[in-house]
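The values are calculated or read from the model by the stated rules, or taken from the named source; none is laboratory data. Note that this is a predicted model, so its numbers are computed, not measured. As a convention, Cβ positions derive from the backbone with ideal geometry for all residues, glycine included, and neighbour counts pool all protein chains shown. These accessible areas exclude ligands, DNA and RNA; they are computed on the full protein's heavy atoms, side chains included. Shrake-Rupley method; radii C 1.70, N 1.55, O 1.52, S 1.80 Å.
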Amino acid sequence: MAAKNISELHLLPATIQAIAEGREAQEIREMDEGRGQAFVKFVPMRIGDTDTPWSFAVVVPMNRVLAQSARLTWTMILI
């Protein structure tokens, strides 16, 4: 996602609007090449004196997000 125009990312309309308004946004989307889903968080950032909205995106695979929950579930099942 590095330095891409927002139109190239195929984001949800609500995410695009939040970025344009300089607000945080997040969504869950499919990763490339069938690698499952990812949680994507967009945080607004200011670059220079421009009024152009920029966002910093963090992408974390959902299996990593839910790993602790899955471990706890299996522990409870075994108990």
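General observations
- Residues of the range 26-44 that are modelled with pLDDT of 90 or more, open to solvent by 60 Å² or more (accessible area, probe 1.4 Å) and under 20 Å from N5 (Cβ atoms): Q26 alone.
- Options T50, T75; residue that is in a helix (DSSP H, G or I), open to solvent by less than 100 Å² (accessible area, probe 1.4 Å) and hydroxyl-bearing (S, T, Y): T75
- In the range 26-38, the residues that are polar (S, T, N, Q) reach residues that are assigned to a strand (DSSP E or B) and loosely packed, with under 13 Cβ neighbours inside 10 Å with C-beta atoms within less than 7 angstrom, at least six apart or across chains, in these pairs: Q37/I28; Q37/E30.
- Only listed residue being open to solvent by 50 Å² or more (accessible area, probe 1.4 Å) and in a loop (DSSP other than H, G, I, E, B), chosen from R23, R64: R23
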